[in-house]
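The values are calculated or read from the model by the stated rules, or taken from the named source; none is laboratory data. Given the structure is predicted, the values throughout are model-derived calculations rather than measurements. Note: ideal-geometry Cβ built from the backbone for every residue, glycine included; neighbour counts use all protein chains shown.
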Amino acid sequence: MSTLDQRARRNRRDAIVRVVGVVAATAFACWLPFQLEGGDIGLYDRMGLYALVAIGLTLLMGFAGQVSLGQGGFFLIGAYTSGLLTVGLDPDSRLVDPDAGIDPVLAVVAAPIVSAAVAVVIGVPLLRLRGHYLAFATLAFALIAWSLLYAQDRFTGGQYGVTVTKRLELFGHQMSGASHAALVWGLVGLALLLSTTLVASRVGRALQAIAVNEPAAAASGVNVARYKLQLFVFAAALAGLAGGLFTFYAQFLGPEDFVIVLSLLFVVMVSIGGLGSFYGAVIGAVTIVYVEHELRELGTRGSLLGWDLPPQAPSILSLGVFGLMLITIMLFFPHGLLPGLIGAIRSLRRRLGASRRSG
Amino acid sequence: MTTFFQLVVVGISTGSVFAIVGMSLVLVYRATGIVNFAQGVFAVLGGLVTYSLSQHMSLVLAGLLAVLVTAIVATVVAVVAVGIRGRTTHLASLIITVGIAIFAEAVLLAAFGEVPRSYSAISDRAWNVGGVLVQPQYAALALVALLAAVGLTLFLRRTIVGQALVASADSPRAAELIGLNLRSIAVIAFALAGALTAIGGVLLAPTVPVSYSSGLTITINGFAAAVFGGLVSIRLALLGGYALGVVEQLVVGYIDPQYNLIIALAVMLVLIGWRSRGELAV
Amino acid sequence: MTLLELDDVTVRYGEAVAVDGVSLAVAPRERVALIGPNGAGKTSLLNAACGLIRPASGRVRIEADDVTGATPGSIVRRGVSQVPEGRHVFGTLPVEANLLLGAYGRVFRLEIVSSTLRYLRSRRDVRDQLERVYDLLPKLRELRERPAGRTSGGEQQMVAIGRALMASPRLLAIDELSLGLAPRLVQSLAEFLVRLNEEEGVAILLVDQSASLAFSLCERAYVLETGRVTLEGASRDLVGRPEVRSAYLGGGPDAPS
């Protein structure tokens, strides 16, 4: 058997292992929410939603090398698309006509489509930008999306938001609570499968080439601009889908208080897991949601270590901690927290082993 | 017609702050290659510290101390933002400054609360110029911006320290080789920029109260002004700041005050697109 | 006593070894060359000598003083200046500012205020040195107001050399003198360096891909290949060696000597 055949066999085997592994893990993840209680289900749900966004961002940052500080914008667009379509686009008829708006399932399906469409429109000029210009531009996009939604009081409910009474129903089952979480994590598994398969394919190799050396890749005929745009749109679609589903998690439509912080949190999530790792992104999402939750608990306690906490304590704590996390990760683990820690442990072990041998 | 000129006058004063922040961003960028996302924080810090200190001393002294404190804080920011030699890229530095900006919001919120703060202006009596009311505070801001522009340009072009700053960005490798310490240069750039921005904040607060969350808008507007100058031109940043301030006030006055931020963002995006046109995608 | 000595120096980038246990020495007023193919580690070795990189092992000494891991600034103060590969002039600044910064960098220490005061106090000496550099490189005097980025490649090379000379070095290390320059220009620069060495007593360490240039300019040479010194000795001896001729001098009996 030639080495080429051997390699093809190995690749196929790896692929099977990977698919089986992800399917098994996803099955477990979908079963889990039914074993959880009350508030934990919501937390778990959020972890899944954010994981969706993080997976898309990993593809964008790790493989296209594009730093996006604006994924929160696509999340918001997705949420408002599904929400507004569900309650009815005409603000006057919302309160009176119970049949206003379309089927939630269609609305959720529309969410990633609309986000993707927006991404196509702004992606073409945006992806021409480099470094800090790109970072600011994506941030500006998120802020503009948020500002527009916030400013259009009548249409979007402005700062007061809109309550969504219709529930998401799939095949006759109501998707809320644990079943909603299961649906979300099922989609996370799907996203993982799609992304890892993409990366292993011929497209993926082209992407690796771009990430490593863009000018060289372009010179060898790779259509860099098109690949970047495709990844950007895919990431936007994932974020939009997450937002669309979020509406039926919260049953409420309102501008997330800090769209900037949300966008940056996604970056932190990806940085935790390591820039090129999808599983790492999921870990990152789980970690951040957990930390966020703990901080909020801490902040609303009223007193900490004997000090009286002001009412703004939750904000102070979360802003402070997340700011510090971003700084620390970028300073000491620019290639990702997990890879950095693993590398540090490995080199520590090597050094200890070496001294033991010589000692 | 007086409404128009009134708006222009107010626009020039808010625009002066954008210009000051923009020029500060240019200074830091020219010296270090880093875009400091936390620059707006220095303006807020200047205003809030002045407010707190003014409870115990004269306003002028409070202002001066606030500028000094901010310069010191800026020094710390410099060390953190520059990061680890050889490991921290410019983009990573930008994201670090974003983290610093977020962390700073937490600190400011904790230290000063959420209520926007202000204090008395230079004078409460406005000059009446042909029906248009011009606050002395506006004039002070515009003057400071102008002086800063002149001062910075001379500094970067004529003094050895300024030239060392420019050299460090032109070629960090050669600058190091001839003996310049890049970290010290970054610190000086950040400290100067921080002090300048703080002055802007100190003068701004009487007309526009500042709070822990004001930093972001100020940074965005300042960045737009800086981009007008391609991140490297002091004079264009000054002009851009004034222009942006005026445009915003006109929109706020004639259309809708809610679109304040959106205008700034849209202008910034247009300028970014314009400035990037020379650089090809690959 | 040697002026610059590298003693068993190893330079690593992560896992990759760029320089593997290299020893070399330059005596005062000597002209020494370091040749070798692309990627042999020449620039890394030079950077280790000048303080830009810390060697993983080995020592760097300037006149018996251990300067391993010292800052580039302190190495400049001890009399070793480098003209980097690719020139790296400060493009937006005028030529004269480039030169003056060479002097400023020498007195620059961690703290800017005292460094600047020190520089301002020594203004007259700096001006004298500037005149001396202009005497050595008269073309620069013509170009003093021109932004350095708007000068030709050869002129930029002169600016970079002049900038290094402003620190009154005892050893001038030049990385890739001939890169991108016309042969006639390289020749006149080489003649200038010889004059600098013989009349002003400045030692020269020339790192270059062009072996013929290196051999014609320098009395002694080292050959660096994949991070190790494979040959060293007097130039006229090395020129005769068949492996040198075939690898670096285009082979054949009519290769330059």
- Going by the structure shown, is B:ALA205 of a type outside the set (Lys, Arg), out of contact with any Pro (no Cβ under 6 Å at 6 or more places or on another chain), surrounded by 24 or more Cβ atoms within 10 Å (Cβ to Cβ) and within 11 Å of chain A (Cβ to nearest Cβ)? no
- Message: Considering only residues that are in a loop (DSSP other than H, G, I, E, B) and at the interface with another protein chain (Cβ under 7 Å from one of its Cβ atoms), which ones fall in the range A:319-337?
- Response: A:PRO334
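Yes or no, residue by residue, for (1) more than 30 Å from C:PHE108 (Cα to Cα); (2) touching a Gly at 6+ places or on another chain (Cβ under 8 Å):
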{"site": "B:GLY179", "(1), (2)": "no, yes"}
{"site": "B:ILE185", "(1), (2)": "no, no"}
{"site": "B:LEU196", "(1), (2)": "no, no"}
{"site": "B:VAL202", "(1), (2)": "yes, yes"}
{"site": "B:VAL210", "(1), (2)": "yes, yes"}
{"site": "B:SER214", "(1), (2)": "yes, yes"}
{"site": "B:VAL246", "(1), (2)": "yes, yes"}
{"site": "B:PRO257", "(1), (2)": "yes, no"}
- Item | Residue list for the range B:60-92, restricted to those being in contact with a Gly (Cβ under 9 Å, 6 or more places away or on another chain) and more than 8 Å from chain A (Cβ to nearest Cβ) | B:GLY63, B:ALA66, B:VAL67, B:VAL69, B:THR70, B:ALA71, B:ILE72, B:VAL73, B:ALA74, B:THR75, B:VAL77, B:ALA78
- Task: Tell me which of these C:LEU143 doesn't satisfy, since it passes every other one: (1) modelled with pLDDT of 90 or more; (2) facing chain B (nearest Cβ under 10 Å).
- Result: (2)
- Note on the structure: Of all helices (runs of 4 or more DSSP H) fully inside the range C:135-228, the set with 3 or more residues that are of a type in the set (D, E, K, R) is C:138-142, C:183-200
- Message: For the range B:248-265, which positions are surrounded by fewer than 16 Cβ atoms within 10 Å (Cβ to Cβ), within 12 Å of chain A (Cβ to nearest Cβ) and at pLDDT 80 or above?
- Response: B:ILE255
- Query: Do we find that C:VAL83 is more than 7 Å from chain B (Cβ to nearest Cβ), in contact (Cβ under 8 Å) with a residue 40 or more places away in the chain and surrounded by 17 or more Cβ atoms within 10 Å (Cβ to Cβ) in this structure?
  - Reply: yes
- Filtered residues of the range A:180-206 (kept if at pLDDT below 80, more than 14 Å from every other protein chain (Cβ to nearest Cβ) and buried (at least 16 other Cβ atoms within 10 Å of the Cβ)): A:GLY204
- Item | Selected residue (only one of C:PRO72, C:PRO94, C:PRO55 is touching a residue at least 12 places away in the same chain (Cβ under 8 Å) and over 23 Å from C:LEU6 (Cβ atoms)) | C:PRO94
- Query: Counting only residues that are among the basic types (Lys, Arg) and in a strand (DSSP E or B), which one in the range C:1-45 is farthest from C:GLU243 (Cα to Cα)?
  - Reply: C:ARG12
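The rows are residues; the columns are (1) touching a residue at least 24 places away in the same chain (Cβ under 8 Å); (2) surrounded by fewer than 22 Cβ atoms within 10 Å (Cβ to Cβ); (3) under 20 Å from the mean Cα position of the chain (by Cα).
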position	(1), (2), (3)
B:ARG157	no, yes, no
B:GLN163	no, no, no
B:LEU180	no, no, no
B:ALA193	yes, no, yes
- Query: If a residue has to be assigned to a helix (DSSP H, G or I) and either touching a Cys at 6+ places or on another chain (Cβ under 8 Å) or closer than 13 Å to A:THR328 by Cα (or both) to count, how many in the range B:84-93 make the cut?
  - Reply: 2
- Query: C:VAL186 is checked against (1) outside the structural domain of C:ALA33 (by TED's automatic domain parsing); (2) surrounded by fewer than 23 Cβ atoms within 10 Å (Cβ to Cβ) and fails just one. What number does that condition carry?
  - Reply: (1)
- Restricting the search to the range B:13-22, which residues are of a type in the set (A, V, I, L, M) and either in contact with a Leu (Cβ under 8 Å, 6 or more places away or on another chain) or modelled with pLDDT under 90 (or both)? B:VAL17, B:ALA19, B:ILE20
- For C:LEU205, are the conditions met, namely being within 18 Å of the chain's Cα centre (by Cα), crowded, with 20+ Cβ neighbours inside 10 Å and either within 23 Å of C:LEU6 (Cβ to Cβ) or not assigned by TED's automatic domain parsing to the domain that holds C:SER44 (or both)? yes
- Going by the conditions given, is C:GLY41 crowded, with 21+ Cβ neighbours inside 10 Å and small (Gly, Ala, Ser)? yes
- Note on the structure: The residue from C:ILE161, C:ILE204, C:ILE174 that alone is at pLDDT 90 or above, away from chain B (no Cβ under 14 Å) and within 26 Å of C:ILE62 (Cα to Cα) is C:ILE204
- Report, by residue number, each residue of the range C:65-80 that is of a type in the set (A, V, I, L, M, F, W, C) and more than 10 Å from every other protein chain (Cβ to nearest Cβ). C:VAL67, C:ALA70, C:VAL80
